[in-house]
1. Quick one: grab the alpha carbon gyration tensor of region 192-284, order the square roots of its eigenvalues as a ≥ b ≥ c, and give me rounded if a/c is under 1.5, else prolate or oblate depending on whether a/b is larger than b/c.
2. Strictly under 4.7 angstrom between C-beta atoms: which cysteines of the chain have no such partner?
3. In whole Hz, what ³J(HN,Hα) sequence does region 117-122 give by Karplus (6.51, -1.76, 1.60; θ = phi - 60°), x for Gly and Pro?
4. Pull up all non-local amide H partners of Ile136: gap of 5 or more, or a different chain, and H-to-H distance under 5 Å with H placed in the peptide plane.
5. Length gain on complete extension for the stretch Leu319 to Lys154, per 0.36 nm per residue less the alpha carbon to alpha carbon distance?
6. Suppose the chain between Asp194 and Asp39 were pulled fully straight at 0.36 nm per residue; how much longer would it get relative to their current alpha carbon spacing?
7. Within region 225-306, report the GluC sites (Glu not before Pro) that DSSP leaves as loop and that have at most 10 other Cβ atoms within 10 Å.
8. Return the FRET efficiency for the residue pair Arg202, Arg8: r is the Cβ-Cβ distance, R0 is 35 Å, and the value is rounded to the nearest 0.05.
Amino acid sequence: MRKAYVYRLYPTTAHTHALEGQLGEACRLYNAALQERRDAYQDHGVSLNYYDQASQLKEIRAAGNCGLANFSACQDVLRRVDKTFKAFFRRVKAGLKAGYPRFKSRRRFDSYTFPSYGDGCRLEDTRLSLQGVGHIKVKLHRPVGGTIKTITVKRERGKWYVCLSVAYTAEPLPALDTRTGLDVGLTAFATLADGTEVDNPRYARRAQARLRLAQRRVARRKRGGKHRRKAVALLQKAHARVTHQRSDFQHKVARTLVETYGVIAVEDLHIKGLASGMLARSVNDAGWAGFIAKLTYKAEEAGRLLVKVNPRGTSQTCLCGAAVPKTLSQRWHECGSCGLSAARDHVSAQLILGLGLSLLGVT
């Protein structure tokens, strides 16, 4: 299996200038490769691929036209361009809104990758050695498990991070016979089949006043000025706090579920559609997509079984099979057929568990 470890970097002023220079050169190479592909097709009707452009790298570097220190990192930038165009043609073929690849600004090009560990990059105790930059202090808050394959240096909201992609062998947790269904919601973040509710922390709503002030400060500043850049940095910091709080909460809830249950059934929701409706702000604040993604990989790593069921009718059906229509504001389930009276989300969680077990051939 593959996993990524993210650690904070603490570069000196000289290191920061060198890292920004390397990102700038990677951005320049990206834009040049994109322009070459565009001009080749417009002027000559020729579609270039990765190998056509990679074969020119030695000549470009020999002429001093590429300042990115590591050759493999240059190849990775060209692979990124190739991946972008493949995604563009895939969208065109599928009849979706294509969105032609665009040139990137230096301020929006925030990462570059060393695709082979040991080739221009190496982790030495508490220092990260990067070709063209030097030895940078890294905060190893937990040990690296597995064999490091690639290293990505990332700039995020004025801070620097290193992402270590490792290959490792998962160690499953002891087997469990316990099962549960999981109904995500907005009143409670999640409700389990046994009636347990996980409170919804609503981090974005709690930080709304601070975010509003930071956004107003940005709106008042003149575009292109240094004061606007400072205001944007403060706004990014406020959003980062909310993001980190939400991510930490989701990791803890997902880990608890994986350690407690052997089979977990969840709804296969179309979250993108829900996040564009009348409850968009609350849905985005809950972060269901990120939570399900974390729960999925943690369950796979721990040897647990995660089952996704069709969400159609899970909130409008009783356990006896009778239809019980309810509006969104009705939070209590009353069945006229069997007399079941319970919380709406609790009944939905039990129904999700039943559907999940039926997919497994278990009653």
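1. prolate
2. Cys27, Cys66, Cys74, Cys121, Cys163 - these cysteines have no disulfide-compatible partner (Cβ-Cβ under 4.7 Å) in the chain.
3. Karplus values, whole Hz, x for Gly and Pro: 5, x, 9, x, 8, 7.
4. Leu128, Ser129, Leu130
5. 54.5 nm
6. Gain on extension, Asp194 to Asp39, equals 49.6 nm.
7. Details: sites: Glu259, Glu267, Glu300, Glu301; in loops: none.
Loop-located and lightly packed - none at all.
8. Values: r = 27 Å, r/R0 = 0.78.
Working from the Cβ atoms, E equals 0.80.
The values are calculated or read from the model by the stated rules, or taken from the named source; none is laboratory data. All values reported here derive from a predicted model rather than from experimental measurement. As a convention, Cβ positions derive from the backbone with ideal geometry for all residues, glycine included, and neighbour counts pool all protein chains shown. To get the accessible areas, we keep the full protein, side chains included, count just its heavy atoms, and leave off ligands, DNA and RNA. Shrake-Rupley method; radii C 1.70, N 1.55, O 1.52, S 1.80 Å.
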